[in-house]
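Right, one structure below, let's go through it.
The values are calculated or read from the model by the stated rules, or taken from the named source; none is laboratory data. Keep in mind the model is a prediction, meaning the values are calculated, not measured. Don't worry about glycine lacking a Cβ; one is built from the backbone with ideal geometry, like all the others, and counts go over all protein chains shown. Note: accessible area is taken over every heavy atom of the protein model, side chains too, but ligands, DNA and RNA are not part of it. Shrake-Rupley method; radii C 1.70, N 1.55, O 1.52, S 1.80 Å.
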Amino acid sequence: MSTDAGGSGTAGPPSPHPPPAGYPPAYGYAPPGYGPPPGYGPPPGYGPPPGYGPPPGYGGYAPWTPPPLKPGIIPLRPLTLSDIFNGAVAYIRANPKATLGLTTIVVVITQLLALLLSVGPLAAGGELTPTLTGEQVSTGVLISSSLSSLAATIATGLASILLSGLLTVVVGRAVFGSGITIGEAWQRLRGRLWALIGFTVLEVLAAVLLIAVAVGLIFWVAFAAGGLAAAVIGIPLVVATIAALLYFGTILTFTPAIIVLERLDIISAVTRSFKLVKRDFWRVLGIRVLALIVAQLIASAVAIPFSLGGQIMLLAAETTSLALLALVLLAVGGAISQIITAPFSAGVVVLQYTDGRIRSEAFDLILQTGAAHGPAAPSDSTDHLWLTRPN
């Protein structure tokens, strides 16, 4: 005869204490009152000595969490300072042709053009050496040199805008571990270049206007009430002007990256940068200042030999050719330092922008959708993810 357990045997007599309704019969049932007698238990004081127990951390396991997804130069989660700095270096190492190569081309051409425009008129008129030694030069040559220097400044500014935009595109791809060529970076930037230039011009004009108002007010007070009143008004006004420039410069930090990656117009990009930065203003400012200090230290260390040699040659220059050689040496030092530091600075800004979106919009979840396609996906398949708007 089969039992409930599936074996064979003879069924025993019925239990005098049947289990209550709903209780599985296979588990059995103890009769009422069954258990240890009253007062039974371990003797008093029985147990481990005071302070004895398992070592810290033993006897429990934290739930396992997968490591953060890192398809490219950064993990797709809120970034730390080391993540940002390491990522700004990693994208240079991952794609040196589109970073160092691109920067070298732009910087060398810009330095040569600036050198020709700055010293060309003086060298052509044979007055380069007198100008460097502080001697009197003709008014015509001085005006021509000033205009050429202004043109060189404008050319340098435009080249910096171009380089920053191109490197922004490179970093945008490197976040997903995708490479990009210089030609592809130019094709992606080309439609946004005028917006970048327009924003930069407006930013410079606003800064110049703010400084001009402060200086004009100080001179007006000095003329109307004397030097003491100008000093009393001028010192806090200068401090306020510097603070305003620092504040607006920080608030607008993400605008170029937004113009390039999100492809917004200037006004929308400025508004969006303000919304992203105001949540974490001091963190953005601190990382930006620290990155600037690091870049300046590296640039100074690289340029010192060229700067020192160029200054010595300028002091000893007695001919135009020797003076030109000294200026070329100075330009080479500046070019090398800029080639090294410009990609790092651009990378820090773009990764700060990425971190800002991750912290305020959970943008890492959106980026993970692009990383899920894997390395076999086309390199441009993730470009549209930067266009995502918050709800």
query: Name the residues in region 148-197 that are over 20 Å from Ser345 (Cα atoms) and open to solvent by less than 10 Å² (accessible area, probe 1.4 Å), would you?
result: Ala152
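So how many residues does region 261-312 have that are closer than 30 Å to Val332 by Cβ and out of contact with any Phe, Trp or Tyr (no Cβ under 7 Å at 6 or more places or on another chain)?
24
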message: Can you tell me which of (1) open to solvent by 40 Å² or more (accessible area, probe 1.4 Å); (2) acidic (Asp, Glu); (3) closer than 28 Å to Ala94 by Cα is the one Glu203 doesn't meet?
response: (3)
- prompt: In region 340-359, which residues are of a type in the set (S, T, N, Q) and open to solvent by 40 Å² or more (accessible area, probe 1.4 Å)?
  reply: Ser345
query: Just one of Val169, Val201, Val208 is touching a residue at least 12 places away in the same chain (Cβ under 8 Å) and on the phi < 0 side of the Ramachandran plot; which is it?
result: Val169
- prompt: Of the residues that sit in region 303-339 and are over 29 Å from the mean Cα position of the chain (by Cα), of a type in the set (Val, Ile, Thr) and surrounded by fewer than 16 Cβ atoms within 10 Å (Cβ to Cβ), which one is farthest from Ser160 (Cα to Cα)?
  reply: Thr319
Of all residues in region 81-102 being closer than 30 Å to Trp282 by Cα and free of Cβ contacts under 8 Å to residues at least 24 places away in the same chain, the one that is farthest from the chain's Cα centre (by Cα): Arg93
field: When residues of region 224-271 are limited to those that are open to solvent by 40 Å² or more (accessible area, probe 1.4 Å) and hydroxyl-bearing (Ser, Thr, Tyr), the one farthest from Trp194 (Cα to Cα)
entry: Tyr247
Number of positions in region 74-99 that are out of contact with any Asp or Glu (no Cβ under 6 Å at 6 or more places or on another chain) and either under 18 Å from Arg359 (Cα atoms) or open to solvent by 40 Å² or more (accessible area, probe 1.4 Å) (or both): 15
